[in-house]
1. If I ask for residues that are open to solvent by 50 Å² or more (accessible area, probe 1.4 Å) and modelled with pLDDT under 90, which ones from segment 38-51 would you list?
2. Return yes or no: is Gly178 over 28 Å from the mean Cα position of the chain (by Cα), over 30 Å from Leu290 (Cβ atoms) and in a helix (DSSP H, G or I)?
3. Can you tell me which condition Pro159 does not meet? The list is (1) open to solvent by 30 Å² or more (accessible area, probe 1.4 Å); (2) at pLDDT 80 or above, and all the others hold.
4. What are the residues in segment 234-278 that are open to solvent by 40 Å² or more (accessible area, probe 1.4 Å) and acidic (Asp, Glu), if any?
5. Out of segment 104-133, which residues are open to solvent by 20 Å² or more (accessible area, probe 1.4 Å) and touching a Ser or Thr at 6+ places or on another chain (Cβ under 7 Å)?
6. Those residues that are farther than 21 Å from Pro29 by Cα and either open to solvent by 10 Å² or more (accessible area, probe 1.4 Å) or not in a helix (DSSP H, G or I) (or both), I need them from segment 77-94; list them, please.
7. At pLDDT 90 or above, in a helix (DSSP H, G or I) and farther than 19 Å from Ile309 by Cβ: which single residue out of Ala271, Ala259, Ala276 fits that description?
8. Need pairs with beta-carbon distance below 9 Å; first residue under 14 Å from Leu290 (Cα atoms) and within segment 217-239, second open to solvent by 30 Å² or more (accessible area, probe 1.4 Å) and of a type in the set (Ser, Thr, Tyr); sequence gap 6+ or separate chains.
Amino acid sequence: MLRLLLTLLLLIPLATHASEGEFFLAAKPAEQARLLEGWAAQPDAARLPLLENLRQGRIATDDTRKLRLNNRLRGLIDNALASHQLLSDNSDTRLAAAQQLQKSAQPAQMAFLDRRFAAEPDTAVHAALGLALANLQLGASEPAVRLAAVRLLGETGDPLARTRLEALLQADAERDPGVRTAAETSLAQVKRKLLVGELLGQAFSGLSLGSILLLAALGLAITFGLLGVINMAHGEMLMLGAYSTYMVQVLLQRHAPGAIEFYPLIALPVAFAVSAGVGMLLERTVIRHLYGRPLETLLATWGISLILIQAIRLLFGAQNVEVSNPAWL
């Protein structure tokens, strides 16, 4: 009897959360939203499987019924799931959850986040939770709380902090002169920290674009200088390489998700092979018969470029193929 009673006591939480799922299923969208907001403010580790199933559109893993969720409910489910993941023993899971809550946390979650912030042992997660709390404290009624939040945001180099501070400095968004002054100072600090990253990003973008233009120019110069051919399909060759790279990524996501970080090493030779193969086929069938006749090659390769563009449109657009899960692979 004692064992039976203990077993029943252990099953009570599971039954409770199962009934929560059924209640969610029977509720109207407005009631579902309030329920999710309450779950996010008061997380329970035993509710985590239910929220994970809700994100998949089901009440349980073996449930064949599909939930009809709008965008608001999906956002609230993600927010509640992140709030529950803060209870995880895995620091990486908690860090990802804290970063999600920096964008989606609601004022009702402030008390829970404050407790987690005080008890968090991991430095990175502690900092991420501090930023999430500061974002919420910007809407506090006490100027001292808003001032502390503004100063905390100024110590970070996060682009989200810059967005929050710029919104706070809009007309009539912050009436306290001390908080506005601190927000201006913090915004300047964040911009200085982001400046190095922006300069490096612009330099990388310039080098990337310049390398593509250089490659195209070299290809045009070589084909015209050696063969007397004006290749109007040179850009389409680059397009084939880009789509080949993309398809390698999609295939690895579907069939070998554990090796997705290595996809550039596989995609690079595949892109070269596909572009070279198509180029050799065109040279053997069309271009070799037009050597020394630039104007005719211009028209022929222009027609080839239109054919390649339309082929890509048919494969990736006209058939309504899902980008993340092509049905014809």
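1. Start the filter on segment 38-51 by keeping residues that are open to solvent by 50 Å² or more (accessible area, probe 1.4 Å), which leaves 42, 44-45, 49.
Scanning segment 38-51 gives Asp44, Ala45, Pro49.
2. On the way: over 28 Å from the mean Cα position of the chain (by Cα): yes; over 30 Å from Leu290 (Cβ atoms): yes; in a helix (DSSP H, G or I): yes.
Here the answer is yes, as Gly178 does meet what is asked.
3. So the condition that Pro159 fails would be (2).
4. Once the filter is applied, which keeps residues that are open to solvent by 40 Å² or more (accessible area, probe 1.4 Å) and acidic (Asp, Glu), segment 234-278 yields only Glu261.
5. Listed by number, the list holds a single entry, Asp122.
6. Pass one, segment 77-94, residues farther than 21 Å from Pro29 by Cα: 84-94.
Hits for segment 77-94 are Gln85, Leu86, Leu87, Ser88, Asp89, Asn90, Ser91, Asp92, Thr93, Arg94.
7. On the way: Ala271 fails: farther than 19 Å from Ile309 by Cβ; Ala259 fails: at pLDDT 90 or above.
None of the others qualify; the one that does is Ala276.
8. Leu227/Tyr291; Gly228/Tyr291; Val229/Thr223; Val229/Tyr291; Ile230/Thr223; Asn231/Thr223
The values are calculated or read from the model by the stated rules, or taken from the named source; none is laboratory data. It should be emphasised that the depicted structure is a prediction, and the values quoted were computed from it without experimental measurement. Ideal geometry is used to build each Cβ from the backbone, glycine not excepted, and the neighbour counts take in all protein chains shown. For the accessible areas, the whole protein counts, side chains as well, though only heavy atoms, and no ligand, DNA or RNA atoms are used. Shrake-Rupley method; radii C 1.70, N 1.55, O 1.52, S 1.80 Å.
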